[in-house]
Amino acid sequence: MNIHVGKIIKENENNLTLIKFAAQINTTRENAYGIFKRKIIDKGLLMRISATLYCNFFKELSNATNQELNIPITHKKPIALAEIATTTNIEIDFIKRENELLKDVIRLLKDKYEKL
């Protein structure tokens, strides 16, 4: 894999000074500078950097990986949405039937109560 996490972070640093960047991710200026040279990075640190720079680097890396491996990004989304829609419609039909049954039970209980 030729994905270089540090370069991706550097491209998205949003004109933040190195000193401010280091302070916000709770590290030294030297360590912050070293981040831009890293090809790989700890996910906890990447989360802090994502929050600091207001950039979802996990999504950036996922897109870069998909591009490098020639995987279409939208390949599975329509299938997943179709499955969710089908499941949701089944659940809605079940709830409608259950609601009608409960209405019948309430009517029967009212009738029985009124006869007392």
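The values are calculated or read from the model by the stated rules, or taken from the named source; none is laboratory data. Because the structure is predicted, anything quoted here is derived from the model rather than measured. Glycine also receives a Cβ, built like all others from the backbone with ideal geometry; neighbour counts cover every protein chain displayed.
Observations on the structure shown:
- When restricted to residues that are free of Cβ contacts under 8 Å to residues at least 24 places away in the same chain and either among the polar types (S, T, N, Q) or farther than 27 Å from T65 by Cβ (or both), segment 1-40 contains 13.
- Restricting segment 1-32 to residues that are of a type in the set (G, A, S) and over 23 Å from the mean Cα position of the chain (by Cα), the residue that is surrounded by the fewest Cβ atoms within 10 Å (Cβ to Cβ) is A23.
- Candidates I41, I49, I19, I9, filtered to the one that is part of a loop (DSSP other than H, G, I, E, B), modelled with pLDDT of 85 or more and of a type outside the set (F, W, Y): I41
- Residue identified as loosely packed, with under 10 Cβ neighbours inside 10 Å and either in contact with a helix residue (DSSP H, G or I) (Cβ under 6 Å, 6 or more places away or on another chain) or at pLDDT 80 or above (or both) among K103, K115: K115
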